[in-house]
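First the structure, in the form of C-alpha cells, and then the observations on it.
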C-alpha cells in the first residue's frame, strides 16, 4: 500500500526555534479514527562525513550530546542549511570538526533519522584523498578527535560504543564495502 491512509483535518504550529518547528496535526488515522500526530520539522539537513585514508583509517569525533545526556563518538557531523549545496556543508563540517580537507567527496547514503516523529533527512558522504589543517570547532563544541582503523570503528559499533544512527549506518556500509574481516 503506497498511498497515504492518514487524513489531516487541521494543522497547528506549536513551537519554533532556529533549528526546529513542531506541528500538531489533528487527523484521522488509517482506521478512520481521530488521532493527534505531532511532527518535528528540521530547518537543516543532517550532514555526516566518513573520512577514509589509503590505509582504511577514519576519524571519529567525541562530544557530549545534551539530548541523550551522554558522551558520543561519531563521524564528523553537523547541520547543512536547506538552501546550501549539501556537499559544501559537508566540506565545511569536516574542516570545522577535524581540520580535514578532502579532495574527493562522494555521497554514501541518505537516511531518515526518525521518520515516526521527524522529517529529518541525513546525507552522508565518504571523504577520500585527505589533507590536514587546523580544526575550527564552533563555540558550543568541545570536541575530541581520534584516528582509528575502520575495523576499530566497526567494533565500536558492535560493542555499543557508537550509537549515533548516522555513524552506525556509515561505518557499517563502508566496512561491508571494504569486505574487511
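Laboratory data are not the source of any read-out in this text; all were calculated from the coordinates shown. Since this is a predicted model, take the numbers as computed values, not measurements. Reconstructed Cβ throughout: ideal geometry from the backbone, glycine too, with neighbour counts over all protein chains shown.
Annotations
- Here the stretch 149-178 and the stretch 103-128 have alpha carbon centers that stand 15 Å from each other.
- Neighbour-count ranking [beta-carbon atoms within 10 angstrom, fewest first] of 93, 2: 2, 93
- Taking the DSSP beta bridges with both ends in the stretch 44-178, the antiparallel portion is around 80 percent.
- The order of the peptides 45-53, 120-128 by mean Cβ neighbours within 10 Å, most packed first, is 45-53, 120-128.
- When 6, 73 are sorted by how many other C-beta atoms sit within 10 angstrom of their C-beta, beginning with the fewest, the order is 6, 73.
- Gyration tensor (alpha-carbon) shape descriptor, the stretch 88-181, a/c threshold 1.5: rounded
- The distance between label points at residue 65 and residue 139 comes to 2.5 nm (points 7 Å beyond Cα on the Cα→Cβ vector).
- The chain, helix-only ellipticity at 222 nm - DSSP H runs n ≥ 4, -39,500 (n - 2.57), divided by all residues, nearest 500: -6000 deg cm²/dmol
- As a proxy for reagent exposure, ranking 95, 43 by other Cβ atoms within 10 Å from fewest up yields 43, 95.
- Relative contact order (percent, whole number), the chain, Cα cutoff 8 Å, 6+ residue spacing: 21
- Cα gyration tensor, the stretch 1-51 - rounded (a/c under 1.5), prolate or oblate: oblate
- One Cα centroid belongs to the stretch 1-33, the other to the stretch 55-85; the line between them spans 29 Å.
- Once the Cβ-Cβ distance of residue 2 and residue 115 is raised to the sixth power relative to R0 = 22 Å, the FRET efficiency obtained is 0.90.
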